[in-house]
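So the structure is just underneath, and the comments pick up after that.
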Amino acid sequence: MTEAGAPQGPRVLVAGDEAILLEFPEEDLEAASARALALAEALRRDPPAGLREAIPGYRTLYLEYDALGTGQGALLAAVAAAQEVPFAQARPRHHVVPVCYGGEFGPDLAAVAAAAELTEAEVVARHAGRAYRIFCIGFSPGFPYCAPLPRELWLPRRATPRHKVAGGSVAIAGRQTGIYPLASAAGWHVLGRTPLSLLDPSDWSGGDGALLPWASGDTVEFRAVDEAEYRAIEREGAGLGHA
């Protein structure tokens, strides 16, 4: 029986022969995400036998394991034990990302402004200058799913995805914003582009078990720049900075 006020245990879903998905029930998305991140970090610091991956999502934690090295029951027992051990979570980092909005860098800015019944400058003002939480990383290497967007910018994905957008493209869809670190197909609305070298190995600082420029739990703030500053940063070949 759960004590009043105590967090409920996660829902356990089978995700394959060698994977389970833990779903955290908190109504508050940030609280659910914090629990998923905390458990992922605990399991990475002291991994149980057979655990291969611990990948947090918005309110989930995906665990992949070696069925020859452990069983589902043993893994769930290790998960329960890990939730009981207090630990100091790593301090989230804050990343400031310069973005040139509109024009060749943001082909969807005008359409987003029209859909939101705002001017392009108002869209930029609402998107930039605020801190977004990185809830999870996926889709492509280093792609951060950041939220929440201001309510007036909530839009469905593009009806027709693009076959390719440039690396560094900054886009929105639903309640989220994100950055395509590499050139790739894209179904989100592209507002602008950052000149930073997001996956430059010399600037990698680690996170989420891989060589990524940021980690789940970090925060991102977009800073609007003009094309002249964009080109200057691009010439410098600057990587991602963080506070």
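Listed values, structure above:
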{"item": "Between the stretch 148-195 and the stretch 46-78, the Cα center-to-center distance that results, in Å", "result": "32"}
{"item": "In nm, spacing of pseudo-spin labels at ALA80 and ALA232 (7 Å Cα→C-beta vector)", "result": "6.0"}
{"item": "Ratio Rg/Rh, restricted to the chain and using Cα atoms, in which Rh is the Kirkwood radius", "result": "1.01"}
{"item": "Proxy reagent accessibility, fewest Cβ within 10 Å first, across ILE134, ILE179, ILE20", "result": "ILE20, ILE134, ILE179"}
{"item": "Under-5 Å amide H pairs with SER216, H placed in peptide plane, nonlocal only", "result": "ASP208"}
{"item": "Two-decimal ratio, the stretch 11-84, of alpha-carbon radius of gyration to 2.2 N^0.38 Å", "result": "1.02"}
{"item": "Charge context of ASP28, other residues only, Cβ under 11 angstrom, K/R +1, D/E -1", "result": "-1"}
{"item": "For the stretch 136-146, 3J(HN,Hα) per residue [Karplus equation, 6.51 cos²θ - 1.76 cosθ + 1.60, θ = phi - 60°, Hz, x = Gly/Pro]", "result": "6, 10, x, 6, 9, x, x, 6, x, 8, 10"}
{"item": "Under 15 Å, Cβ to Cβ, from HIS94 - net charge with Lys/Arg +1 and Asp/Glu -1", "result": "+3"}
{"item": "For the stretch 94-236, alpha-carbon Rg relative to the globular expectation (2.2 N^0.38 Å, N residues)", "result": "0.97"}
{"item": "Value of Rg/Rh across the stretch 1-135 [Cα atoms, Kirkwood radius]", "result": "1.13"}
{"item": "Pairwise FRET efficiency - VAL12 versus HIS163, Cβ, R0 = 35 Å, nearest 0.05", "result": "0.35"}
{"item": "Full-extension gain in nm, LEU118 to LEU68, via 0.36 nm per residue minus C-alpha separation", "result": "12.3 nm"}
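Where a number appears in this text, it was derived from the coordinates with a stated rule and is not lab data. Quantities reported herein were computed from a predicted structural model and do not represent experimental measurements. Because the Cβ atoms are built from the backbone with ideal geometry, glycine has one as well, and the counts that use them run over all protein chains shown.
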